[in-house]
1. Residues of segment 42-89 being at pLDDT below 90 and touching a Leu at 6+ places or on another chain (Cβ under 9 Å), which ones?
2. Within the set of pairs 6+ apart or on separate chains, which have a first residue in segment 35-46 that is touching a residue at least 60 places away in the same chain (Cβ under 8 Å), a second that is surrounded by fewer than 11 Cβ atoms within 10 Å (Cβ to Cβ), and C-beta atoms under 8 Å apart?
3. Looking at segment 47-71 only, could you name the residues that are within 13 Å of residue 10 (Cβ to Cβ) and free of Cβ contacts under 8 Å to residues at least 40 places away in the same chain?
4. Hey, can you tell me all the residues within segment 23-41 that are surrounded by 10 or more Cβ atoms within 10 Å (Cβ to Cβ) and either closer than 24 Å to residue 80 by Cβ or modelled with pLDDT under 85 (or both)?
5. Restricting attention to segment 64-84, report how many residues are surrounded by 11 or more Cβ atoms within 10 Å (Cβ to Cβ) and assigned to a loop (DSSP other than H, G, I, E, B).
Amino acid sequence: MQRRFKVKIFHLVGNTSEPGSWDTAKAVGPATNPKYPDWNLVVNLPAGTAIQFKAIKKDANNNVAWESGSNRFYTVSSASPAVEFNFNN
């Protein structure tokens, strides 16, 4: 018997073109999870870029659930190239 599961997967959307300019259809993703429950997503941004972003979940029908809370802020630097955060339900 086949079963279908509606799995929500993580994407990233933000205020610059790389993460989709707040357009969920252009969001970066889906994230991968080789070490579940951790999810990984790579967005190429030039050093010095200041962005605002949020994580979103999309289901199989492309319905979107935005994480709660304020936008996240990050300025790209070679000293701190990775951002780690928890999804806010």
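1. Once the filter is applied, which keeps residues that are at pLDDT below 90 and touching a Leu at 6+ places or on another chain (Cβ under 9 Å), segment 42-89 yields 43, 76.
2. Pairs that qualify, where the first residue is touching a residue at least 60 places away in the same chain (Cβ under 8 Å) and the partner is surrounded by fewer than 11 Cβ atoms within 10 Å (Cβ to Cβ): there are none.
3. Step one: list which residues in segment 47-71 are within 13 Å of residue 10 (Cβ to Cβ), which gives 53-59, 64-67.
Across segment 47-71, the qualifying residues are 66, 67.
4. 27, 28, 29, 31, 32, 33, 38, 39, 40, 41
5. Matching residues across segment 64-84 total 4.
The values are calculated or read from the model by the stated rules, or taken from the named source; none is laboratory data. Quick caveat, the model's predicted, so the values are computed rather than measured. When we count neighbours, we look across all protein chains shown, and the Cβ atoms used for this are built from the backbone with ideal geometry, even at glycine.
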